[in-house]
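Colleague: One structure, as structure tokens, below. Some questions next.
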Amino acid sequence: MFKHVAIAAAAVALVCGTSYAALAADHQVKMLNKGPDGKMMEFDPAFLQIAPGDTVTFVPTDKGHSSDSINGMIPDGVQPWKGGMSQEITVTFTKPGVYAYKCMPHFTLGMVGLIEVGSNPPNLDAAKGVRLPPLADKKMKELFAQVK
Ligand SMILES: [Cu+2]
């Protein structure tokens, strides 16, 4: 999966040229046993707003976590990602919208995150309509509140 994502990112860089690649930023999200606010099992930062073309690298600062997109909570036509346990994964985001993701083993403990690509995400209502486990739902509502 990581290999596939890397190839997609290379293809984007090739199509758009070096000037575009130079503008794109990489953002890091740490996967932690204990978040900055003291809560257990968190992505840090759990909410990110980025520009189309930017990448996000999920860093296994602590082991035993993963980053997987949540079905129905990414824009239509976008390829889902599944990072694998304790693996670093870099995902390129080209299409505007919201992208929600989870840590597979800690989904029910509320270990979820949200990335907003661009602004006024067209799939916001669709993403908000997806049912999540109670703790994940609570956290996701906090994250949705930060969408511009
Ligand atoms: Cu986790």
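Colleague: Once both axes come from the Cα atoms, what is the angle between helix 134-144 and the longest principal axis of the chain, in degrees from 0 to 90, rounded to 10?
Modeller: 40 degrees
Colleague: While we're looking at this one, here's another question. Counting pairs of Cα atoms in the chain, how many percent are more than 25 Å apart?
Modeller: 23 percent
Colleague: Further question on the same structure: Given Lys39/Lys102; Lys63/Lys148; Lys34/Lys102; Lys34/Lys141; Lys63/Lys141, which pairs have Cα atoms separated by over 23 Å?
Modeller: Beyond 23 Å: Lys63/Lys148; Lys63/Lys141.
Colleague: Which residue, Lys39, Lys95, Lys63, has the most motion in a Gaussian network model of the chain that connects Cα atoms within less than 10 Å?
Modeller: Lys39
Colleague: If I stretch the segment between Phe47 and Asn71 completely, what's the gain in nm (0.36 nm per residue apart, minus their alpha carbon distance), one decimal?
Modeller: Values: separation 24, 0.36 × 24 = 8.64 nm, distance 1.80 nm.
So the extension gain works out to 6.8 nm.
Colleague: Give me the accessible area per residue for the range 2-144, probe 1.4 Å, as a whole number in Å².
Modeller: Normalised by residue count, the accessible surface of the range 2-144 is 51 Å².
The values are calculated or read from the model by the stated rules, or taken from the named source; none is laboratory data. Computed from a prediction, not measured in an experiment: that's the story for all the values here. Accessible surface areas use protein heavy atoms only, side chains included; no ligands, DNA or RNA. Shrake-Rupley method; radii C 1.70, N 1.55, O 1.52, S 1.80 Å.
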